[in-house]
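Notes for the one structure printed next.
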Amino acid sequence: MSYRIVFNRPCFEGKEREYIVEAIANGHVSGDGSFTKKCHNFLESYLGIGKALLTTSCTHALEMAAMLLDCQVGDEVIVPSFTFVSTANAFVLRGVKPVFADIRPDTLNIDESKIESLITPRTKAIAVVHYAGVGAEMDQIMAIAGKYGIEVVEDNAHGLFGKYKSKYLGTFGSISTQSFHETKNISCGEGGALLLNDPQFIDRAEIIREKGTNRSRFFRGQVDKYSWVDIGSSFLPSDLLAAFLYAQFESQESIQSKRQQIWQRYHEGLQEWAFESKVGLPVVPAHCEQPYHMFYLILNSLSERQALIEHLKQRGIMAVYHYLPLHLSTMGLAFGGKLGDCPVTERVSDTILRLPFFNNLATSEQDSVIEAIKQFRVRGEVSVTVNPNLSAQTASSTLP
Ligand SMILES: *Cc1c(COP(=O)(O)O)cnc(C)c1O
């Protein structure tokens with residue numbers, strides 16, 4: 001069946017086409033052209049950081065982080081179990097063992113109180129995800145990392161422009177990563193960035209991003225030969241994508257304000273229903289400023305969540321869930337994961353539901369989502385009827 005209201009729709013916001021035409025006219029469509037430099041400058045000056053480098057994805061930026069930290073076979077990295085695979089996989093590619101931490105039941109971020117007991121002499125880093133762009137408890141996490149001399153990598157795929165205690169997310173860890181995938185607030189289809197808050201990583205990051213060569217230094221005239229000096233890969237995006245991305249950066253205020261309105265409309269429209277139905281809504285602590293990346297519900301049970309998905313689907317509305325616990329995935333089990341290791345992750349993974357959320361979601365579309373959800377309570381009350389054809393197995397195939 002086709003959906004009347006999809007979960008995500010890529011949105012042009014301003015001068016994307018114009019800048020792509022300009023990039024073609026410039027005659028430089030490979031990496032590190034003028035639009036890439038504009039994007040670097042934007043991120044560096046907006047966030048107040050030392051160095052930003054565009055990458056082909058957040059996944060690739062995470063892989064670069066693992067190389068920059070010199071991760072070796074047998075090292076360990078602590079990651080939340082409730083995250084996208086790349087947060088763990090980027091390190092696993094270097095031979096690292098992922099050590100899964102559970103999340104807090106309120107913000108769904110890594111539970112800082114669970115981290116210290118997972119640290120061993122092999123722990124190289126803590127990879128933090130700011131879920132939905134709401135900051136993880138960075139004061140405590142940075143203190144633990146400092147105490148044991150381990151690095152913090154922020155997977156800030158959701159959190160661009162978000163703040164924790166008035167400081168931008170992505171500026172806490174020595175290395176941070178951004179995603180500009182189609183589903184993120186600011187997008188160029190596929191893309192990402194590496195943010196470096198520790199100057200010791202800058203030279204090597206440029207080399208790793210350029211296939212292990214000192215090409216960047218050569219073009220700046222700092223070396224007179226361009227050669228193979230380190231490991232690396234091809235992590236830089238075409239300037240055509242940077243042109244698209246720069247147009248989105250220029251429109252960031254309007255993008256963020258549209259998303260803020262959508263988030264608040266969901267929150268206001270669903271508050272009473274959620275209270276009466278004992279359904280959880282996103283929690284944003286007072287010391288966190290969120291960038292309005294997503295809106296989700298936490299239902300009471302797996303069957304209730306599946307019934308609501310079906311209820312919305314019958315009304316042409318697409319709602320999705322994500323993050324099957326990493327410790328229970330095929331790979332996670334191979335690393336020793338067991339049912340019960342991360343109980344909050346396991347419960348949230350069964351009960352979370354993400355609502356349609358994109359820059360140009362029309363008010364009328366959003367209102368029909370809110371209306372449909374409110375009807376669910378009327379129809380189902382506490383004992384919801386589950387579509388008997390919908391087993392957990394077929395449901396998981398709807399994972400985005
Ligand atoms: C989207 C996402 C990624 C991956 O981003 P890509 O740019 O698609 O590689 C990584 N981590 C988190 C938390 C994400 O949401």
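The values are calculated or read from the model by the stated rules, or taken from the named source; none is laboratory data. Computed from a prediction, not measured in an experiment: that's the story for all the values here. Heads up, the Cβs are rebuilt from the backbone with ideal geometry, glycines too, and the neighbour counts pull from every protein chain shown. Surface areas here come from the heavy atoms of the whole protein model, side chains and all, with no ligands, DNA or RNA. Shrake-Rupley method; radii C 1.70, N 1.55, O 1.52, S 1.80 Å.
Rolling a 1.4 Å sphere over the protein heavy atoms, what is the accessible area per residue of the chain, to the nearest Å²?
42
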Review point. What's the long-distance tail for region 16-250, i.e. % of Cα pairs beyond 29 Å?
Key: 26
Review point. Which angle between 0 and 90 degrees, to the nearest 10, do you get for helix 302-314 versus the longest principal axis of the chain when only C-alpha atoms count?
Key: 90
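Kindly provide the chymotrypsin sites (Phe, Trp or Tyr not before Pro) of region 25-62 that DSSP labels as loop, not H, G, I, E or B, and whose Cβ sees at most 13 other Cβ atoms within 10 Å.
In loop regions of region 25-62 (DSSP not H, G, I, E or B), there are no sparsely surrounded chymotrypsin sites (Phe, Trp or Tyr not before Pro).
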Point to revise | Percentage relative contact order, the chain, counting C-alpha pairs under 8 Å, at least six apart | key: 22
Practice item. Give, as a single signed number, the net charge of other residues whose beta carbon lies under 11 Å from the beta carbon of L47, with Lys and Arg counted +1 and Asp and Glu -1. Key: +2
**Study point:** Interchain or long-range residues, amide H under 5 Å from S174's placed H
**Key:** V152
Point to revise | Karplus 3J(HN,Hα) series, Hz, for region 209-219 with 6.51 cos²θ - 1.76 cosθ + 1.60 (x for Gly, Pro) | key: 6, 10, 6, x, 10, 9, 4, 4, 5, 4, 5
**Study point:** Per DSSP, loop trypsin sites (Lys or Arg not before Pro) in region 228-313 with at most 14 further Cβ within 10 Å
**Key:** K278
**Study point:** Charge tally in the Cβ shell below 13 Å around S303, where Lys, Arg are +1 and Asp, Glu are -1, S303 excluded
**Key:** -2
Check your understanding: Once phi is turned into θ = phi - 60°, what whole-Hz ³J(HN,Hα) does the Karplus curve with 6.51, -1.76 and 1.60 give for every residue of region 357-370, x standing for Gly and Pro?
Key -> 7, 8, 3, 9, 5, 6, 4, 5, 5, 5, 5, 6, 5, 4
Review point. For the residue pair N360 and A143, what label-to-label distance in nm results when each label sits 7 Å from Cα along the Cα-to-beta-carbon direction?
Key: 4.7
**Study point:** Length-normalised contact order of region 253-396 in % [C-alpha pairs under 8 Å, at least 6 apart]
**Key:** 32
Study note, to complete from the structure: Summing +1 per Lys or Arg and -1 per Asp or Glu among the other residues with Cβ less than 15 Å from T171's Cβ gives -3
Review point. Could you give the distance between the Cα centres of region 41-60 and region 289-331, to the whole Å?
Key: 30
Check your understanding: Is region 221-288 best put as rounded, prolate or oblate by its Cα gyration tensor, with a ≥ b ≥ c the root eigenvalues, rounded for a/c under 1.5, and otherwise prolate when a/b is larger than b/c, oblate when not?
Key -> prolate
Exercise for review: Could you run the Debye sum over the Cα atoms of region 63-168, one equal point scatterer each and no solvent, and tell me log10 of I(q)/I(0) at q = 0.11, 0.15, 0.21, 0.23 Å⁻¹, two decimals?
Suggested key: -0.29, -0.55, -1.11, -1.33
Study note, to complete from the structure: Applying the gyration tensor rule to the Cα atoms of the chain (axes a ≥ b ≥ c; rounded if a/c under 1.5, else prolate if a/b exceeds b/c, else oblate), the class is oblate
Review point. So what is the relative contact order for region 16-250, in percent, with contacts set as C-alpha pairs under 8 Å and at least six apart?
Key: 26
Check your understanding: Where in region 1-85 are there trypsin sites (Lys or Arg not before Pro) that are in a DSSP coil and have at most 15 other Cβ atoms within 10 angstrom of their Cβ?
Key -> R4
Check your understanding: For region 97-104, what does the Karplus curve 6.51 cos²θ - 1.76 cosθ + 1.60, with θ = phi - 60°, yield as ³J(HN,Hα) per residue in whole Hz, taken in order and with x for Gly and Pro?
Key -> 8, x, 10, 8, 10, 7, 10, 6
Exercise for review: Taking every pair of Cα atoms in region 323-368, average 1/r, invert it to obtain the Kirkwood radius, and report Rg/Rh to two decimals.
Suggested key: 1.27
Exercise for review: Using a 1.4 Å probe and counting only protein heavy atoms, arrange S30, S81, S57 so the residue with the most accessible area comes first.
Suggested key: S30, S57, S81
Review point. Once every DSSP H run of n ≥ 4 in the chain is given -39500 (n - 2.57) and the sum is divided by its residues, what mean residue ellipticity at 222 nm do you get, rounded to the nearest 500 deg cm²/dmol?
Key: -12000 deg cm²/dmol
